[in-house]
Structures are given as structure tokens and as C-alpha cells.
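Okay, structure first, notes after.
The numbers here are math on the coordinates, done by the rules we state, and not lab data. Bear in mind that the values here come from a model prediction, so they are computed numbers and not experimental data. Using ideal geometry, Cβ is built from the backbone for each residue, glycine included, and neighbour counts are taken over all protein chains shown.
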Amino acid sequence: MSFEARFCLSCGTGLTAITADEDGGPKTRLRCPACGWTYWNNPTPVLAAVVECSDREGRVLLARNVAWPGRMFALITGFMEAGETPQQGIAREIAEETSLKVQALHLIGVYDFQRMNQVIVAYHALAHGDIVLSPELAEYKLFALPDLRCWHAGTGHALADWLRTRGHEPKFIELPHQAQQT
């Protein structure tokens, strides 16, 4: 979900697209013509994890969100809370969404996801325990590494990069919305 402010959070005046010289040249941003407040529209950091289940032959858990149409399975993701590190945040998200306990975390990389105005910080998480899904997840599947399929979007690139570190050349699927964009 993307948010765009329409009114000034300081004085309530309607925002206007105003171009001004900033670091690096002219930028157009939504600004308040009355008090100068600026809506920066900075990307939101999102945490993601390739969850490898140490007590399930190293299989990788992918889950399907209840809000998603079809049968798309993806990485565990979530937003950081104030006062936590990215590592604490993804460990919390994994526990909240799957009940798994994280044993180890390793950074995979940081990925641009402009369609959602997000920056994804992706980790490999080694985890164990009984899988109990939160109400926001409809189901999960456990995959052996050769059976994983990546997608050409933010977290799919993280999964592909992680597979390469394990000696597997990733195989990609095409998502329905990607076929429409070509």
C-alpha cells in the first residue's frame, strides 16, 4: 500500500507540487505553500527473510499472505518497529508470523522496490521449531533448494542472490502483473 499526503501535517493547508533547488539540483516535492512543510515521500524500509528450517532438512519456508490472490508464496516480510535493529525486527517478524525461533541471521543484501516505494533489507535466517502461522498467512510450503523458483521483484532478487551463494543457479517465474508490463 502506498501513501501520499495531500494536506500539510503542520497547518492543514493543501499541498502543492513545488520545484526547488536542493542537493543535486532541482527537485519537485509536495510542499505546503503556507508554512513550507515538505512531504518527502522517502522509501519505507521493509525486512525480509529466506527462512531455512534447520530441523526440516534445511528446507526453505515460503508463505502465502491471506490478502494475495492465487497461490503465490514468498519470503517472510515485515516492517521494523521503532527502537529495534533490522536483525531484531526480522527475528520478531519470523516469530510472529511462523512461531519459528531464529538461530542465526546473515545479511543477503538491500534491494530497491520502487513499485511499492520500499527498500528491502533481506536476511538469511536459520530457524527451528513448530510452524504455527499467524492469521495474516494462509499457508506455507517447505522447499528443497533445487525446487525454489524466484520472481523478478524485490524479495525474489534476494532469494536468487541467496541461492547463488549456495551453488544453485536460480530459476525465475513470471508473475501475472509482470507479463502485463512487458
With just the Cα atoms of the range 1-41, tell me how far they stretch along each of the three principal axes, in Å, largest first. 28, 28, 12
Suppose only helical runs count, i.e. DSSP H with n ≥ 4. What mean residue ellipticity at 222 nm does that imply for the chain under -39500 (n - 2.57) per run, divided by all residues and rounded to the nearest 500 deg cm²/dmol? -5000 deg cm²/dmol
Rounded to the nearest 0.05, what FRET efficiency is calculated for Gln88 and Asp147 with R0 set to 35 Å and r the Cβ-Cβ distance? 0.70
Rounded if a/c is under 1.5, else prolate if a/b is larger than b/c, else oblate: which is the range 106-182, with a ≥ b ≥ c the root eigenvalues of its Cα gyration tensor? rounded
Here the net charge surrounding Gln87, from other residues whose Cβ is less than 13 Å away from its Cβ (Lys, Arg +1; Asp, Glu -1), is -2
Given Cβ charges of +1 for Lys and Arg and -1 for Asp and Glu, the option among Thr38, Thr13, Pro26 whose Cα lies farthest towards the positive end of the dipole of the range 1-41 is Thr13
Cα-based helix-to-principal-axis angle, 154-165 vs the chain, degrees rounded to 10: 40
Relative compactness, the chain, computed as alpha-carbon Rg over 2.2 N^0.38 Å: 1.22
Nearest 10, in degrees from 0 to 90: the angle of helix 86-98 to the longest Cα principal axis of the chain is 60
Where both residues lie in the range 1-155, what percent of DSSP beta bridges are antiparallel, nearest 5? 80
